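Before any comments, here is the structure.
The values are calculated or read from the model by the stated rules, or taken from the named source; none is laboratory data. Worth saying up front: this structure is predicted, and the values here are computed from it rather than measured. Accessible surface is based on the protein model in full, side chains and every heavy atom, while ligands, DNA and RNA are left aside. Shrake-Rupley method; radii C 1.70, N 1.55, O 1.52, S 1.80 Å.
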Amino acid sequence: MRIALFEPDIPQNTGNIFRLSACLGIPVDIIEPTGFIFDDKRFKRALMDYIKFINYKSHLDWKEFYQWSQENNFRLVLLTTKSKTKYTSFIFSEIDIIIFGRESAGVPDYVHNQVHERLTIPMQKGLRSLNISSSVAMVVGEASRQLNLI
């Protein structure tokens, strides 16, 4: 199982997600472009000294990521507010890449059209979304529980 971040814009969130991935031993894919430089001090502060424990791969863009994921037989699972399938009702697999969209805009339609599954985190009506690092922790925690990874 892997975590993918589509064009992340906020360095602190990406740093927190990297720390989570280091602690749980789950690889991260960064689908560029990012809204920050990896040398950003906010990114480094959130990441602290976990970089040596992180398994991550950068992809030039969605097209490159998609091709790589298909060549390696991954199932693409997108978290989105545009789904009725709850992440807690979904059966995760070790071949899943769980994709989270850009904080400011989610993902474009072409990403929605190419993923295998779309899931949502149920929330109170009238609220837009959770912080991405909180969303990743919730969903990856459930997937890890199902797969006995933690």
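In terms of Cα to Cα distance under 18 Å, which lysines are near enough to K84, apart from those fewer than 8 places away along the same chain? Cα-Cα hits under 18 Å: K125.
Using a 1.4 angstrom probe on heavy atoms only, work out the carbon and sulfur share of the accessible area of the chain in %. Write down the numbers at each step before the final one.
Numbers: 4040 of 8190 Å².
Answer for the chain is 49 percent, counting heavy atoms of protein chains only.
Average accessible surface for region 12-150: 57 Å² per residue, computed with a 1.4 Å probe over protein heavy atoms with every protein chain in place. Please work out whether region 92-150 counts as rounded, prolate or oblate from its C-alpha gyration tensor, where a ≥ b ≥ c are the square roots of the eigenvalues and a/c under 1.5 means rounded, while otherwise a/b larger than b/c means prolate and anything else oblate? Cα axes put region 92-150 in the oblate bin.
Does region 37-128 come out rounded, prolate or oblate by the C-alpha gyration tensor, with a ≥ b ≥ c the root eigenvalues, rounded set by a/c under 1.5 and, if not, prolate when a/b is larger than b/c and oblate if not? Taking the square roots of the gyration eigenvalues as a ≥ b ≥ c, region 37-128 is oblate.
Backbone amide hydrogens, once placed in the peptide plane, bring E103 within less than 5 Å of D9, I10, excluding anything fewer than 5 places away on its chain. Among beta bridges identified by DSSP and lying wholly in the chain, the antiparallel ones come to about 5 percent.
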